[in-house]
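Accompanying notes for the structure given below.
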Amino acid sequence: MLRCAEERLKEKSAGGHHHRTGDSAERLVQKLEVHQIELQMQNAELRRTREELELSRNKYAELYDFAPIGYFTFDSCGVIREVNLAGAKLLGRERRLLANQPFRSFIVGAEGKELFARHLESVLQRQGMQRCEVSLTGKDGRVVHGQFQSITVDAGESTDGYILSSVVDGTVGKQLETEIQEAREYAENIVETVHKPLVVLDSGLKILTANQSFYDIFKVTPEETIGYFIYDLGNRQWDIPKLRILFEDILPNDTVINGFEVDHVFLEIGRKIILLNARQIYRKNIGSHIILLAMEDITERKHLDQVLQEKNVELENARSVAEKTNLAKSDFLANMSHELRTPLNSIIGFSEVLQDQLFGPINEKQQEYVNNILTSGRHLLSLINDILDLSKVESGNMELETSPFLLRDLLDTSMMMLREKALKGGIGLHLDLAPEADVCIVADQRKLKQILFNLLSNAVKFTRAAGAVNLCAVRDGDFIEISVADTGIGIREEDIQKLFKAFAQLESVYTKGFEGTGLGLALTRQMVELHGGRIWVRSEFGTGSRFSFTIPLTQATAPETPAILPASVPGNGITVLLIEDDPLTLATLENALLSKGYRALRAGSGKEGLEMAQHNSPDLIVLDLMMPGINGFEVADRLRKDIATANVPILVLTAMDLSAADRARLAGKVWRIEGKGTLSTHDFLILVESAVVRTYIINHRS
C-alpha cells in the first residue's frame, strides 16, 4: 500500500528535480499525502471488519435464539440476563417477561433452590463445566426436570463475567429412568422368589446379577460373583467344558436352550448334575443382549432315577418269573380241570341215567345208593369248581361274560335250585322283588347265579327247622341291591371279618354238623367285586344273618325271545356227532341222546371226528377241546373251512377254564360253549333241542 502511494508522488514530481530550492517543502507534502492515503485504506479495512462482525453476531443470535436446547445467560446472582426461545418455552413464559427475573423463583422446593445456588457458586469459582439437575415449574404448573450444564464467560476487565447455561428437559428421561428402576427392582424381586439358582450375564459372559438360591446352593457370596467372568467363579470351578459348549457353540445359534445337562465335581459342594435352561434377550435400543441362565440341581433326582431303573429291572425280572409261574399254574389248572372234571362228569352222568331208570327199574336200596353217588359227585364237582374259580380270580384270569337278562328270571331260578332242600328241612323260602328292580340287567348270568346259590345254600344250611330265608332285591340308583336274610344261628361280631377269607371257616359252634371248605364266600366276594359291586353282612348271634351285595345296573334292554320248539321236529332222524376222547363221557352223552330218540355217532379223536363229519352230515356236533393229536380248536377251524360242515352248529363241552384268547379263537366258529359239570342231563338235552330248532329255522328260511 505504501509502495503504491510513493509511486503516485513520483509521477507528480517528475521533471521537478531540477528545482532544488523547494525540495524540503515538497518532501513534507509527499509524506502528508502518504499518511492520508494510509488512513483512507485503514478506514476501509475497519468498515469491512465491522460488517463481518455484525454478520457473525447476527448468525450467533440466530443460533442462540432458535437452538432446540434452552440457553440462559445469568449474572453472578442468578438473575436472567438473556434467554433463548427454547428456554422460554421450557418455563412456559414469554421471553420478554423473563429478563431480569431471578431464576430461583422458577425452581421447585427449597432443596432445589439451594442446589442451584451451590451450582452457580462452583461455576463462578472457575471449576470448569458444572452440571446439576433441579425440578422447574413449567406451563400450567407442570413440573419439568431440568438438566443444567453451565460455564463462566469473561466480559472484560471493566465488568464482571456472566454465566452461560444450557438446559435440557429431562422429564421423559427421568420418568423412563424411574420406570426402568422399578422394572429392575420388580424383576430382581421375581428372581429372588425363584427357588432355583438364577443368574443374568451380559454379552461378555460377566455376571450382572444372581439370586439368593444361587449363592446358597453353590456356597458363594455376591462380592465373589457380581461382575466376574462366569468361568472365573469359585477359583475357576465354573470353567466347565460342557458349559463352554453351551455358551460358545450352541447359544450363539440358538436363543432358547432347554434341558442342557452338566455333570461336574465342585470343590466345595461335591458332584452335582445341573440342568440348564438359557435365554438370550436382545435389547435393540442399546444394541446389546443379556443371557438369562436358570439352573436346577437334579443330582438327587438322577440318583432316584437310577435306583428306580434298577428296581424296574428287578420288577421286570420278577414279572417275567411271575408270568412264567402263572402260565405254568394256568396250564396246571387247565389239566387238573380236565382230569378231575371228566371222570366226575361220567360218574354224575351215569348216576343220572340210573336214577332216571333209562335201562330198567332199580329197587329202593339201589335208588338210595345212586342218589348218594349223585349227591356226592355233584358236591365234589362243586368244590373243584370253587377251587379252580378262586385260582382264576386270584391270578386275574377270570373275565365277565355279560349279557342282558331279566333279574326276576334269575332270582326265580336260584330259588328253585334250593327249594327242595329247604322243604326237606322245614324252611320257608320267600322272594321279595321291588317293582323298580323288576328290570333287565347286564351282568355275567352264570357268575351271578353262582353268587346267589352260595348265599342261599349257606342260609338254608345254617337255618334251623321252621325257620325262614328271604331273598330281597331293590334298586339303589344305578345299582341293584340284593339281600339274603335268614333266621339261622347267626355270627359273632368278632368272627364277621373272617367270613370272606379263602379256606377260613368259623369255629365248630358254626361248622359242627355242616359240611364246607370255606371257599364259597371268598369266591362270592371276588365275583361281586369283579362286577364292580360290594358285599357286606349284618348278623346277630343266635338270631340270624343278612348278606347283601350290589351290582351295577345298565339301561334295560328287551331280552331276546327264546326259540319255541316246533312240534314238527322229531327226535328220530336227527344225527348228533360226539367228538370226545373220554369213553365214559361218550357213553353218558350217547345214552342221553338215545333216550330221546336221537341218532348218536361217536368219535374218540379229532381226526376220527373230522372224517365222520364229512361222511355223515350231522345236524349237531358236540366237541371236546382237550384231545390228543388234533385238538378241539383245530377241529373247529377245519369244520368251518369245509363246505360240507360249515353250517353245522358246534356245541363245545369242555372241562378247560377258557381264557379270553381261547374264546376269541372260537368266536364265530362254534354255536355255544358250556363247561362240563355245569350241565345236567336234562340241561344237555335242552341245548340239543335248541340247536336242532336253530338248524330247522335256518333251513326253512333258506
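The values are calculated or read from the model by the stated rules, or taken from the named source; none is laboratory data. Keep in mind it's a predicted model, so treat the numbers as computed, not measured. Positions of Cβ are backbone-derived with ideal geometry, glycine not excepted, and every protein chain shown enters the neighbour counts. All accessible areas refer to the heavy atoms of the entire protein, side chains included, with ligands and DNA or RNA removed. Shrake-Rupley method; radii C 1.70, N 1.55, O 1.52, S 1.80 Å.
Using a cut-off of 23 Å between Cα atoms, the listed pairs LYS113/LYS174; LYS421/LYS596; LYS501/LYS676 include LYS421/LYS596; LYS501/LYS676 as exceeding that distance. Phi angles across region 533-543 convert, under the Karplus curve 6.51 cos²θ - 1.76 cosθ + 1.60 with θ = phi - 60°, into 3J(HN,Hα) values of x, 9, 9, 8, 9, 10, 8, 10, 4, x, 10 Hz, Gly and Pro given as x. Most tightly packed first, judged by the mean number of other beta-carbon atoms within 10 Å of their residues, the peptides 76-84, 651-659 read 651-659, 76-84. Taking all protein chains into account, the per residue accessible area for region 421-468 stands at 44 Å² (1.4 Å probe). Classify region 394-459 as rounded, prolate or oblate from the Cα gyration tensor: take a ≥ b ≥ c as the square roots of its eigenvalues, call it rounded if a/c is under 1.5, otherwise prolate when a/b beats b/c and oblate if not. It is oblate, given that a/c is not under 1.5 and a/b is not larger than b/c. Placing R0 at 30 angstrom, the Cβ-Cβ distance between ALA434 and GLU529 gives a FRET efficiency of 0.80 after rounding to 0.05. Near ASN312: Cβ cut-off under 12 Å, other residues only, Lys/Arg at +1 and Asp/Glu at -1. The net charge is -2.
Amide hydrogen proximity for THR402: with H placed 1.01 Å from N in the peptide plane, no residue at 5 or more positions away or on another chain lies under 5 Å. Using the Cβ-Cβ distance between LEU383 and GLU634 with R0 set to 30 Å, the FRET efficiency from 1/(1 + (r/R0)^6) comes to roughly 0.40.
Label-to-label distance for GLN357 and THR193 is 9.6 nm, based on points extended 7 Å past Cα in the beta-carbon direction.
Each residue of region 654-668 was assigned a 3J(HN,Hα) from its phi angle through the Karplus curve 6.51 cos²θ - 1.76 cosθ + 1.60 (θ = phi - 60°); the sequence is 9, 9, 6, 8, 6, 7, 4, 5, 4, 5, 5, 5, 8, 4, x Hz, with glycine and proline shown as x. Put simply, when 458-468, 314-324 are sorted by average Cβ atoms within 10 angstrom per residue, most first, you get 458-468, 314-324. The packing ranking, built from the mean of other Cβ atoms within 10 Å per residue, places the peptides 129-138, 640-649 in the order 129-138, 640-649, highest first. Per residue, the convex hull around the alpha carbon atoms of region 577-701 comes to 103 Å³. Simple spin-label estimate for ALA465 and LEU208 gives 10.1 nm between the two label positions (7 Å along the Cα-to-Cβ direction from each Cα).
In plain terms, the chain from ARG602 to ARG244 could stretch by 120.4 nm, reckoned as 0.36 nm per residue minus the Cα-Cα distance. Amide H to amide H distances under 5 Å link GLN130 with SER150, where only residues 5 or more positions off or on other chains count and H is placed in the peptide plane.
Maximal additional length on extending the ALA318-GLU177 stretch stands at 44.1 nm, based on 0.36 nm per residue less the C-alpha distance. Computed over neighbours whose Cβ is under 15 Å from that of PHE103, the net charge equals +1, Lys and Arg +1, Asp and Glu -1. Summing charges over all other residues whose Cβ lies under 15 Å from the Cβ of ASN470, with Lys and Arg as +1 and Asp and Glu as -1, gives -1.
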